[in-house]
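Written below as structure tokens is the structure these notes are about.
The values are calculated or read from the model by the stated rules, or taken from the named source; none is laboratory data. What you see is a predicted model; the values in this text were computed from it and never measured. All Cβ positions, even for glycine, are placed from backbone atoms using ideal geometry, and neighbour counts span all protein chains on display.
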Amino acid sequence: MAITSIRRFPATGKTRVAGSNALVVGAIAVLICLAVWEVGARGPLAGGPFPTVGAIAGGLVGLVGEATFWSSLGETLMTALVGLGLAVLSGVLLGVVLGSVDFVYRSTRLIIEVLKPIPPIVVMPLVLLLLGPTTEMGVFLVFYGCLWPVLIQTVAGVRDADPVLLDTARSFGFGRLQRAVRIVLPGAAAFIVTGVRIAGAAAFVIAVVSELVGGAPGIGRDLFVAQNAGLYAQMYALVFVMGVVGLAFNTGLGAFEKWMLHWHPSVRREVVA
Amino acid sequence: MMTGVMTEASIPEQTDQRLVIEELRKTYGTGAAAKVVLDGLNFDVRSGEFVCIVGPSGAGKTTLLKCLAGLLPPTSGASYLDGIQIDGPPEKLALVFQEYTRSLMPWLTVEKNVTLPLSNKGISKRERRTRAQEALEAVGLADVPSKYPWQLSGGMQQRVAIARALAYQPEVLMMDEPFASVDAQTRFELEDLTLRVREQFGITIVLVTHDIDEAVYLADRVVVLGSAPAQVREIIDVDVTSPRDQVKTKADPRFTELRSRVFELIRAR
Ligand SMILES: Nc1ncnc2c1ncn2[C@@H]1O[C@H](COP(=O)(O)OP(=O)(O)O)[C@@H](O)[C@H]1O
Ligand SMILES: [Mg+2]
């Protein structure tokens with residue numbers, strides 16, 4: 001219940017805005033949502049777990065003043081980033097090997113197809129048993145969840161490598177490893193970066209879930225604590241923070257994608273225009 | 001050189017022959033699906049010579065060039081570069097493909113594209129830049145080193161590919177239908193550029209084309225291939241005066257005569 005609402009928040013809260021017009025429209029929509037909330041909180045839903053907008057803002061101000069909040073937020077971001085980083089590193093390395101060696105590709109395809117759809121939350125009990133409610137547990141879950149999109153995208157990108165480019169490199173005496181590093185990898189960049197973006201969007205969510213459900217330290221656990229203690233204003237303030245951070249996270253990844261792929265047809269058209 | 005069946009170990013006699021192609025056969029696939037593409041080719045290329053290989057589409061020209069460039073092992077027979085059997089990409093050789101959009105790295109600038117193959121040769125960074133500048137100058141692109149290939153026209157991209165091959169300082173330059181995808185005006189320019197480059201760098205050039213005019217215009221000798229399975233129909237000495245000129249050479253009666261001859265050879269059977 002709580003998980004799904006958090007899951008949805010970064011995705012639907014605010015989609016990427018383009019141009020000032022969309023910004024204005026977006027701002028109006030936000031104001032309407034806040035107004036509806038306020039009316040509900042003061043009227044029919046008063047007294048329930050729905051504090052007023054003012055109360056939530058107060059909770060937010062309180063949070064921001066607390067050192068523990070910042071260390072929790074840092075913990076969550078670290079979990080997400082370290083897990084994502086490890087996933088990208090191993091996903092790309094593994095993907096290049098799987099993608100370039102035909103025999104390995106064909107023999108591992110089924111395994112990957114089976115493992116890919118298993119959500120990280122399902123493996124949590126096992127990981128929790130092994131690592132306990134620790135940061136490592138969270139990092140591992142993020143790693144597990146992020147590995148598949150990166151791996152699958154890398155394999156696709158490697159297999160998409162242009163044979164003319166490869167022949168060109170070979171004719172200039174590039175060996176296997178050199179071709180992998182200097183031709184195949186940059187050529188697969190568009191695929192890989194897309195994988196990283198998908199993984200990145202999941203990384204923050206998984207980090208929060210591992211804390212909320214698994215008890216790893218971070219704002220997810222703070223949310224759980226606030227909810228249990230009935231500190232609703234603080235709870236919603238935390239949800240708001242998650243939304244903002246999730247959005248910032250995805251925006252950062254989007255910018256990274258643009259920077260990495262400035263040469264790629266998907267990006268460069270916008271640059272030229 | 002004496003013709004006749006040679007044993008595997010025998011090495012062609014030393015002459016000014018740069019490339020020797022002996023009974024070169026290439027079959028794609030095996031068993032019932034086997035398809036013979038090159039059916040026992042014999043010819044040679046002399047040092048400093050410009051040889052054009054002309055044949056209809058699907059004749060096996062690309063296959064032949066890939067075999068000569070060491071990218072594809074022949075099914076039987078062999079080719080030799082300076083007496084050494086080609087069994088992998090030789091260092092003395094550079095290749096220019098038809099598909100310039102696909103043979104340049106879109107993530108690298110023009111200059112980086114040109115210097116990329118040099119990183120392999122143990123050449124200092126400064127030397128690499130100098131070579132890139134010289135090569136880009138030779139193809140008339142001295143002013144675009146920091147542009148990306150996709151910001152250039154097709155003809156300019158192919159110039160970059162040629163510059164990259166030149167910077168590699170090969171002794172033999174092989175080109176696979178390098179001007180087939182550019183407009184006619186650009187093609188003439190690039191043809192003359194190739195002739196100039198050959199004078200300037202003194203390299204041996206093997207150029208594959210389906211364009212008879214182009215073959216006769218550029219070549220010292222034209223190797224005419226029949227349709228698949230390809231065999232050498234004839235090797236024609238192009239005895240028109242050099243330097244070539246797009247207007248004068250093509251108006252030369254001898255040029256017209258040779259062009260008709262090649263046309264008839266290709267059309268035969
Ligand atoms: N990798 C391959 N596998 C099977 N057949 C091929 C392959 N490459 C080329 N062919 C076939 O060989 C023939 C010659 O091709 P190619 O050398 O590309 O001819 P050209 O360059 O003269 O147009 C064509 O019929 C083509 O379909
Ligand atoms: Mg071809």
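Structure notes:
- Answer from B:Thr109, B:Thr63, B:Thr130 - the residue that is away from ligand 1 (no atom under 16 Å from the Cβ), of a type in the set (Ser, Thr, Tyr) and within 25 Å of B:Ser181 (Cα to Cα): B:Thr109
- Residues being within 16 Å of ligand 2 (Cβ to nearest atom) and not polar (S, T, N, Q) - total across region B:41-87: 18
- Those helices (runs of 4 or more DSSP H) of region A:16-135 in which at least 1 residues are under 29 Å from A:Leu212 (Cβ atoms), charged (D, E, K, R) and modelled with pLDDT of 90 or more, considering only elements entirely within it, cover A:67-100.
- Some residue of region B:174-189 being more than 16 Å from ligand 2 (Cβ to nearest atom), within 26 Å of B:Asp44 (Cβ to Cβ) and buried (at least 22 other Cβ atoms within 10 Å of the Cβ): no
- B:Gly60 being modelled with pLDDT under 95, closer than 22 Å to B:Phe263 by Cβ and away from chain A (no Cβ under 14 Å): yes
- Hits in region A:144-162 (condition: surrounded by fewer than 24 Cβ atoms within 10 Å (Cβ to Cβ), under 17 Å from the mean Cα position of the chain (by Cα) and among the hydrophobic types (A, V, I, L, M, F, W, C)): A:Trp148, A:Ile152
- Tally of residues being closer than 21 Å to B:Glu23 by Cα and within 13 Å of ligand 1 (Cβ to nearest atom) across region B:203-230: 10
- In the condition set (1) outside any helix (DSSP H, G or I); (2) under 30 Å from B:Leu95 (Cβ atoms); (3) more than 13 Å from chain B (Cβ to nearest Cβ), A:Val155 is compliant with all but (1).
Results for (1) farther than 25 Å from A:Arg197 by Cβ; (2) surrounded by fewer than 21 Cβ atoms within 10 Å (Cβ to Cβ), shown as yes or no for each residue.
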residue: A:Thr76; (1), (2): no, no
residue: A:Leu89; (1), (2): no, yes
residue: A:Val104; (1), (2): yes, yes
residue: A:Leu130; (1), (2): yes, yes
residue: A:Val142; (1), (2): no, no
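- Some residue of region B:124-133 being more than 11 Å from chain A (Cβ to nearest Cβ), hydrophobic (A, V, I, L, M, F, W, C) and under 22 Å from the mean Cα position of the chain (by Cα): yes
- Selection within region A:164-177 - under 11 Å from B:Pro117 (Cα atoms) and within 7 Å of chain B (Cβ to nearest Cβ): A:Thr168, A:Arg170, A:Ser171, A:Phe172, A:Gly173, A:Phe174
- Scanning region B:75-96 for residues that are part of a loop (DSSP other than H, G, I, E, B) and within 10 Å of another protein chain (Cβ to nearest Cβ) returns B:Gly88, B:Pro89, B:Pro90, B:Glu91.
- The residues of region B:22-51 that are within 13 Å of ligand 1 (Cβ to nearest atom) and of a type in the set (Asp, Glu) amount to a single one, B:Asp39.
- B:Leu95 crowded, with 23+ Cβ neighbours inside 10 Å and within 16 Å of ligand 1 (Cβ to nearest atom): yes
- Residue pairs whose Cβ atoms lie under 7 Å apart, sitting 6 or more positions apart in sequence or on different chains, and linking a residue in region A:243-266 that is within 11 Å of chain B (Cβ to nearest Cβ) to a partner that is at pLDDT 85 or above and in a helix (DSSP H, G or I), are A:Met260/A:Ala189; A:Met260/A:Val193; A:Leu261/A:Ala189; A:Leu261/A:Ala190; A:Leu261/A:Val193; A:His264/A:Ala190.
- Scanning region B:135-164 for residues that are surrounded by fewer than 17 Cβ atoms within 10 Å (Cβ to Cβ) and more than 13 Å from every other protein chain (Cβ to nearest Cβ) turns up B:Glu137, B:Gly140, B:Ala142, B:Asp143, B:Ser153, B:Gly154.
- Of the set (1) free of Cβ contacts under 8 Å to residues at least 40 places away in the same chain; (2) within 23 Å of the chain's Cα centre (by Cα); (3) over 27 Å from A:Gly91 (Cβ atoms), all apply to A:Tyr236 but (1).
- Of the criteria (1) away from every other protein chain (no Cβ under 14 Å); (2) in contact (Cβ under 8 Å) with a residue 40 or more places away in the chain; (3) touching a helix residue (DSSP H, G or I) at 6+ places or on another chain (Cβ under 8 Å), which one A:Ala226 fails: (2)
- Residue check for B:Leu72: within 14 Å of another protein chain (Cβ to nearest Cβ) and among the aliphatic types (A, V, I, L, M): yes
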